[in-house]
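Report on one structure; see the data block that follows.
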Amino acid sequence: MKREFAVLGIVIALGLGLLGGWFIPSPLTTPEQASLVSVIQTRGTLNVGTSADWPPFENFTYPFTGAIEGFDVDVSQLVADDLGVTLNMVHMDFGNLISACAVGTIDMIAAAMNYNEERAASLAPSSTYISVSQVVIVKETSLLTTISHLGALGGLTVGCQTGTVMQDELIDLGNVTVSAYPSAVVLMTNLINDNIDAAYVDEPVFTSYNRTEGLRIIFTTGSEPISLWTRYGEPEFLYFIDNAILDAYKDETIYDLFDTWFG
């Protein structure tokens, strides 16, 4: 019963968001401009930017080679299917995604990117498609114990991925040595090799790496909303994105994806 009520709430919120985004014209779109939907459908591909080192959201099937797979890839495929085009996942450093989307190198970002006001000032967020917690993790052999707030990390060296909200939060503490890495692979390697005391990541990333490495959580935040992102001035494309999310909740496709990637 709880799940049914949760789905109903999400569907209502998504539906209202769809109506609002569709009927409010954007001041950035002019009649002379071809819509992004038209450009994508003429091209025949949806170019989606991601940082393919953040399993189970996105990851190469082999390190930095092969296909990109993951939860965000499957969600992006739903959008591509609605548009009737082929999905093309584009790997780049996480910190470069927003600028790449803003200038049109990619059409959309699907990279477990949390919603915040700073990002929303640059790009248009979709409705929330999943919420996750962030966690501070250490090696199983670490002497660090569970903490109740991030400030307790004072004096330690904590790693994170470049361009993430976790990096901003750690920097704001002022008493933590922050080691930011462009790749989660490098981040986790430094944790395993004892080059940093702890790492600050999304909880599903911890779960994925903990299958092969001895890790544990010492701090967990509340759930944070994650959105897909595109340029402002493209209400029709944003409608397609939100509609794909809405349909995935209505027909419960999203739960199949949860089971596949998060267990």
Restricting region 91-106 to residues that are surrounded by 17 or more Cβ atoms within 10 Å (Cβ to Cβ) and under 15 Å from the mean Cα position of the chain (by Cα), the residue that is farthest from Val201 (Cα to Cα): Cys101
Just to be sure I understand, how many residues within region 214-251 are modelled with pLDDT of 95 or more and in contact with a helix residue (DSSP H, G or I) (Cβ under 8 Å, 6 or more places away or on another chain)? 25
What residue, of Leu187, Leu173, is crowded, with 18+ Cβ neighbours inside 10 Å and modelled with pLDDT of 95 or more? Leu187
Enumerate the strands (runs of 3 or more DSSP E) found wholly within region 154-263, keeping only those where 1 or more residues are under 17 Å from Ala110 (Cβ atoms), touching a residue at least 24 places away in the same chain (Cβ under 8 Å) and charged (D, E, K, R). 198-202, 224-226
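Yes or no, residue by residue, for (1) buried (at least 23 other Cβ atoms within 10 Å of the Cβ); (2) farther than 26 Å from Leu78 by Cα:
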position	(1), (2)
Ser179	no, yes
Asn195	no, yes
Ala199	yes, yes
Glu203	no, no
Glu213	no, yes
Phe219	no, yes
Ser223	no, no
Gly233	no, no
Leu238	yes, no
Condition first: on the phi > 0 side of the Ramachandran plot and out of contact with any Gly (no Cβ under 9 Å at 6 or more places or on another chain). Can you find one or more residues in region 228-238 that meet it? yes
If you check Gly15 against the conditions, is it modelled with pLDDT of 95 or more and over 30 Å from Gly163 (Cα atoms)? no
Starting from region 33-62, take each residue that is in contact (Cβ under 8 Å) with a residue 12 or more places away in the chain and in the same structural domain as Leu187 (by TED's automatic domain parsing) and list its partners that are surrounded by fewer than 19 Cβ atoms within 10 Å (Cβ to Cβ) and in a loop (DSSP other than H, G, I, E, B), counting only C-beta distances under 9 angstrom and pairs at least six apart or across chains. none
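The values are calculated or read from the model by the stated rules, or taken from the named source; none is laboratory data. Note that this is a predicted model, so its numbers are computed, not measured. Cβ: placed from backbone, ideal geometry, glycine included. Neighbour counts: every protein chain shown.
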